[in-house]
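Below is one structure; the comments refer to it alone.
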Amino acid sequence: MRKLTFLVLLFVILTVASPVYAQGGATSSNWSVPIGVGLGMGLAAGLAGLGQGKVAGSVAEALARNPGARPGIQLALFIGLAFIESLVLFTFVLLFLRTS
Amino acid sequence: MPEQLWFTELLNHYLGAPVAALLHALGIRPEYPQAPISNAVAMEVLVVLLLLAFFLFVRARMSVDKPGGMQHIVETVEEFVAEQAHGVIGHGYERYVPYALAVGYFILLANLLGLIPGFESPTASPVVPLGCAVVTFIYYHFHGIRTHGGHYVKQFIGPVWLLAPLMLLIEIVSHFARILSLTVRLFANMFAGDMVTLAFFSLVPVLVPVVFLGLHLGVALVQTFIFVMLTLVYLGMAVSEEH
């Protein structure tokens, strides 16, 4: 009985609440915009993922070889990741500016 | 009228008229004359007030013999930043730690404020990170000039005289790109974090968005660390003696 109540409650929340927060009105009828946004963001995120994976892999290797050098390696890790990530964020901001 | 948070409403109620008059005197036309203070500015003011109250509290209870919990936290943060500064800048790093700490505390609290319902991150609007980035830019150039005097220009023209015009152009562009990258990195991270939480909130309004709030907490800490570290790295490059 408890389970049923829970399920009904969940169903009600999911079906009733979602339209409340839905964005209203399609502003752009240009079909190429969503495709372009998807492709651009996907490309940026995927390629940055490749780059960051290489960074993380190298850091793991370096730490395995010389655990004593942790502070320097961590500094390089964070700054390297920040620079790679900021390229994705540039893409994100540009797409956001162009579409809204 | 834009949507206002309660603190913005409070500020606009008491300070709206003088601020509008001041903006008018400066020749600036606010978008909404009834509410000249935007959410971002109000949240910034709140962050500054909170920080002031916190540090006045800690300063009043400071003691050498029996340090309290708050004092331990503040000292730990100070030691951490000083250690990083020592690693990056090297000799004479003590002078730059206060600035790095101030900007770090401001950004940290500004990032974390967005996690509390009823508030929003001032850093999720591009103006606030831009301010921090411009202040950092001016600060490290000021210290570069203070340390090297006229020889500071040598950092921009490189070792080869023939290539000097080209190097100067590239260096100037790259120094201004630092403002852009500092701004966009902080702004876009905070903004994207809010957006992701909102997107999942509109898909599944129970429990799932909490995961992304947790992620946002991590992002807020890491972005503060990166902003402070980059400030220190730029300072270190500006005041280093090798050039």
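Rule-based calculations on the coordinates, nothing more; no lab input. This is a predicted model, so every value here is computed, not measured. Note that we place each Cβ from the backbone using ideal geometry, even for glycine, and neighbour counts take in every protein chain shown.
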Expected max-MSF residue from B:Ala17, B:Ala42, B:Ala110 in the GNM of chain B (alpha carbon, under 10 Å) is B:Ala17
Answer in debye to the nearest 20: the dipole magnitude of the protein assembly as shown about its Cα centre, from +1 Lys/Arg and -1 Asp/Glu charges placed on Cβ, is 380
Kirkwood radius from Cα pairs of segment B:60-123 plugged into Stokes-Einstein at 25 °C, 0.890 mPa s, gives D in µm²/s equal to 180
Shape call for the protein assembly as shown, from the Cα gyration tensor axes a ≥ b ≥ c (a/c under 1.5 means rounded, otherwise prolate when a/b beats b/c, else oblate), comes out rounded
Listed by chain and number, the residues whose amide H is under 5 Å from that of B:Gly114, excluding neighbours fewer than 5 places away on the same chain and using placed H, are B:Ser121
Per-residue ellipticity at 222 nm attributable to helices in chain B (runs of n ≥ 4 DSSP H, -39500 (n - 2.57) apiece, nearest 500 deg cm²/dmol) works out to -25500 deg cm²/dmol
If every Lys and Arg gets +1 and every Asp and Glu gets -1 at its Cβ, then about the Cα centre chain B yields a dipole, in debye to the nearest 20, of 280
Check: C-alpha center segment A:47-100 vs C-alpha center segment B:117-196, spacing in Å is 19
In vacuo Debye sum over C-alpha of chain B, base-10 log of normalised intensity I(q)/I(0) at q = 0.08, 0.14 Å⁻¹, listed in q order, is -0.41, -1.08
Heads up, segment B:84-182 by the C-alpha gyration tensor (a ≥ b ≥ c square roots of eigenvalues; a/c under 1.5 rounded, else a/b over b/c prolate, else oblate) looks oblate
Of the residues B:Phe106, B:Tyr234, B:Pro126, the Cα lying farthest along the dipole of segment B:42-239 towards its positive end, which is defined by charges on the beta carbon of Lys, Arg, Asp and Glu, belongs to B:Tyr234
Once Lys and Arg are counted +1 and Asp and Glu -1 for all other residues with Cβ under 12 Å from that of B:Pro129, the total becomes 0
Checking B:Gln84, B:Gln223, B:Gln71 against a Gaussian network model of chain B (alpha-carbon springs below 10 Å), the top fluctuating residue turns out to be B:Gln71
Segment B:166-243, Kirkwood Rh and Cα Rg, ratio Rg/Rh at 1.20
